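Okay, structure first, notes after.
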Amino acid sequence: MLRYGGAAIPMQKSLDKENLQGIQYLAGSEEILAHMPEVEAREPFCGEIEEFLNFLSKTLLSMPEAKLYPDVVTFAFWIRRSSVKKLAERFQAEENCIHLGRGVAFHIAPSNVAVNYAYSFAAGFMTGNANVVRIPSKDFPQISIINKAVNMALEQYPACRPYICFVRYGREQRINDALSSIADTRIVWGGDRTIAELRKSPLGPRASEITFADRYSLAVIDSDAYLAADNQPRIVDDFYNDTYLTDQNACTSPRLVVWCGSQTARAKERFWSLLLERVQKKYEFQSIQGVNKLTNAFLAAAAQEGTHMISCGDNRLVRISLDHLFEGLMDFRGDSGYFYEYDCQDIRDLKAVCDDTHCQTVSYIGDPQMFLPLLKTGVRGIDRIVPVGKTMDFDLIWDGYNLYERLTRTIHIS
Amino acid sequence: MNFEDMLQTSPYSLDKEEKGRFLTERLGELTEKHRESCPQYRNMLESAGYDSQKLCSYKELPFLPVRLFKELELRSVPKEEVVKTMTSSGTTGQAVSKIYLDRVTSANQQKVMVKIVSDFTGSSRMPMIILDCPSVVKNRQMFSARGAGILGFSIFGAKRIYALDDDMKLDVDGLKAFLEKYQGQRIFLFGFTFMIWQHFYKELVRLKEEGITFDLSEGVLIHGGGWKKLINEAVSPQEFGQRLQEVCGLRHVHDYYGMVEQTGCIYMECECGHLHASNFSDVIVRRPLDFAECEMGEKGIIQVVSTLPESYPGHSLLTEDEGVVLGEDDCPCGRKGKYFKVIGRLKNAEIRGCSDTYAEKFR
């Protein structure tokens, strides 16, 4: 037993072999995992980190199979040298301060998004931490491509090996307990239920946690700005990528489209008919989705007067126009192409749906200055305001967290 | 012809035209009734933009997805008038449908079911073997679909016996005595498809190997509940019938399609192997992509309409089942109305997203 200030603290025994049984290692090994608590933290974006990530980026971009997956390519671009250098410039230590990684970062990736784990890993790695990443149980082809490249990079940069373990296991609490016990930071994706699941496993007293809870998002389109744009089809493509590409079920996907400006009727007609064309060409429809959307629409209707189903004769695009925005609207959010719509005279009307900590991203077409009056009402939600098409662009500032700050420690010298 | 007249008419007598007129009138009236007395339903009609003035055919009526009855308490009568609450037999952890019946709806359900079933079994009551266990019907306050089915069909039985005990074991001696007592008479058997296969058929096969056999050649079996579980065992409807005949001589086997949300209006399988819509109800098969009505022979999602629900707005429902209309008014069995086939349940959606799904745990 070690003694600190009179209190007896049990030795760290939780990484015992029996507690780790059942783990499959897709990168790293049990031995590497066992030594993680002792690994030296590094300075964020240090030379070797940048080298490793750049090598990984190049490897991915040279793999023919990776080119089939835009999400893999986007990830590869995010970790290439120039991009990492930009991040390093944005996130610098203040005068008289040194930043170091916090130590061990334990990541729990969401189970039904393919590349999210890679971003989470990269964020932990570039900020100087050792990383244990729980990989989705679902076998996405993107995962084997990225893991293959990571293992190649580990061959090339053996000094990085102690910092990386990709693991898969059957969500056993015993293993969650063990990995949580060595974590200095725990990063939990996957929404409220996964967070609740992980909260059963205690963290050390100095450890902290970053949780990505269930969130919802919306889009605001200035009809005049949209109609004035000479690249309307491109805007609609961007919107498609923000929504249908993830079955409109990512936390960043808009579930509500708010129209403002003076030409809403015309803008809507143009926008939705262009979108429907895209959807009919690209979106893979499942029969039950139409039934699910109709169910949702009736549930919302039963709860509140003033909802109107707008039929475009195709269940791939379902619109529900609202006479007024109401609190709790997002309890009836749908997916796979199910949009609430609202014509807005005063941007402050949005407070009804944004004054909630679950409200995450507002994407827009027009001038983002228009949101200032809304933000100044002191809304409790809205963590990001981004142009349409950029909702999924990952950054170290994400979901209202400064991940850089959360994953590093500041040593102040005076 | 109004609804009361219909209760005096043979249940498969209306042709397409007559039935269309009857359904449009009756279902239009029910829509108005529920609009007046069920505020949630009124909101739904308004949201769907329903205009009763423009109604030309019952096929244009809004249809409610059956899942709504799991999420909402939809009633068109005051609580005091509810005499029975039916629930679907969902597996543990799943929400169940709650269907509220008043005296009139409950009585009509029974009348219509008698008319429909008698068309296949004859109108006299028969000794009845229930291929299930007695405990399913114990709690009369909350009727599960299984219990409701058994109680509903029990009116066709003069004397009744449960073939299984509460551990789902076949009561061999009881069954033997019952069959001896009613030798030479027509015997009515009822149960749920999977239960029959699992706990009755398989046991009969085992007993036969021991030399114990039963003669049910004078029996008529009605079974329902769907084929989902039997698909795992690779048993087709044809095989189900053949194998039962092999093991106990049973020749008259009728499947039926029905749901707790529209009890009474069951769709019976005729001698030609087709499910039939009676005068009291109809099926409309719709395209998943736009809910337009399918051509005959085209696969789609089954909508069911029923003229019975007066106490809850369940007269026009969209199921989660896939099916095909095979024909109308011209089945070789002689019954009028549509005949069709059920293909199975729609697949759950596989969708992407940031929030983990835990559905697998509850299945």
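Bear in mind that the values in this text are calculations on the coordinates, not laboratory data. Remember, it's a predicted structure, so these values are computed and weren't measured experimentally. With ideal geometry, Cβ positions are generated from the backbone for all residues, glycine too; neighbour counts draw on all protein chains shown.
Put in line by how crowded their Cβ is, counting other Cβ atoms within 10 Å and starting with the fewest, A:Asp222, B:Asp166 read B:Asp166, A:Asp222. All alpha carbon pair distances within the protein assembly as shown were sorted into 10 Å bins beginning at 0; the resulting P(r) in whole percents reads 2, 12, 18, 19, 17, 14, 11, 5, 1, 0, 0. Here B:Lys202 is the anchor, and the lysines within straight C-alpha reach of less than 28 Å, apart from those fewer than 8 places off in the same chain, are B:Lys138, B:Lys159, B:Lys169, B:Lys176, B:Lys181, B:Lys228, B:Lys229, B:Lys341.
Cα axis of helix B:103-121 to longest principal axis of chain B: angle in degrees, 0 to 90, nearest 10? In chain B, helix B:103-121 runs at an angle near 50 degrees to the longest axis.
Axis angle, to the nearest 10 degrees, between helix B:16-37 and the longest C-alpha principal axis of chain B: 70 degrees. How big is D for chain B, in µm² s⁻¹ as a whole number, if Stokes-Einstein is applied with the Kirkwood radius of its Cα pairs at 4 °C and 1.567 mPa s? Translational D for this selection: 60 µm²/s. Can you pull the Kirkwood radius for chain A, inverse mean 1/r over Cα pairs, to one decimal in Å? After inverting the pairwise mean of 1/r, the radius is 23.1 Å. As I understand it, the dipole of the protein assembly as shown uses +1 on the Cβ of Lys and Arg and -1 on the Cβ of Asp and Glu, about the Cα centre. Which of B:Tyr50, A:Val167, A:Ala300 lies farthest toward its positive end? Among B:Tyr50, A:Val167, A:Ala300, the one farthest towards the positive end of the dipole of the protein assembly as shown is A:Val167. By how many degrees, 0 to 90 and rounded to 10, does the Cα axis of helix B:39-48 deviate from the longest principal axis of chain B? Orientation of helix B:39-48: about 70 degrees from the principal axis.
Both radii are taken from the alpha-carbon atoms of region B:102-257; with Rh as the Kirkwood radius, Rg/Rh is 0.95. What is the diffusion coefficient of region B:198-257 in µm²/s, taking the Kirkwood radius over Cα pairs and the Stokes-Einstein relation at 37 °C with a viscosity of 0.692 mPa s? Using the Kirkwood radius from Cα pairs, D works out to 270 µm²/s. What ranking do A:Cys46, A:Cys165 get, fewest neighbouring Cβ atoms within 10 angstrom at the top? In order of increasing Cβ crowding within 10 Å: A:Cys46, A:Cys165. Each of B:His223, B:Leu131, B:Val114 was placed along the dipole of region B:102-257 (beta-carbon charges, centred on the mean Cα), and the one lying farthest toward the positive end is B:Val114.
Around the Cα centre of region A:296-345, unit charges on the Cβ atoms of Lys, Arg, Asp and Glu (plus for the first two, minus for the last two) sum to a dipole of about 180 debye.
Extension gain, B:Ser37 to B:Arg125: 0.36 nm times the residue separation minus the Cα-Cα distance gives 27.8 nm.
Distance between the 7 Å Cα→Cβ label points at B:Lys228 and A:Asn147: 3.3 nm.
Once the C-beta distance of A:Arg174 and A:Arg206 is scaled by a Förster radius of 35 Å, the resulting FRET efficiency is 0.90 to the nearest 0.05. Taking a ≥ b ≥ c as the square roots of the Cα gyration tensor eigenvalues, with a/c under 1.5 meaning rounded and otherwise prolate when a/b beats b/c, else oblate, which class fits region A:1-136? Oblate.
For the protein assembly as shown, the mean residue ellipticity at 222 nm estimated from helices alone is -10000 deg cm²/dmol, where every DSSP H run of n ≥ 4 contributes -39500 (n - 2.57) and the total is divided by all residues, rounded to the nearest 500. A straight chain from A:Lys282 to A:Ala352 at 0.36 nm per residue would run longer than the Cα-Cα distance by 21.8 nm.
Averaging the sequence gap over all C-alpha pairs within less than 8 Å and six or more residues apart, then dividing by the number of residues, gives region B:102-257 a relative contact order of 22 percent. Measuring r between the beta carbons of A:Gln21 and B:Lys181 and using R0 = 60 Å, the FRET efficiency lands at 0.45.
From the Cα gyration tensor of region A:186-304, with a ≥ b ≥ c the square roots of its eigenvalues, which class applies: rounded if a/c is under 1.5, or else prolate if a/b is larger than b/c, or else oblate? Cα axes put region A:186-304 in the prolate bin.
Counted by neighbouring Cβ atoms within 10 Å, the residues A:Trp259, A:Trp189 run from fewest to most as A:Trp259, A:Trp189.
Please state the equivalent ellipsoid semi-axes for region A:216-387: what are the square roots of 5 times the Cα gyration tensor eigenvalues, largest first, in whole Å?
23, 20, 15
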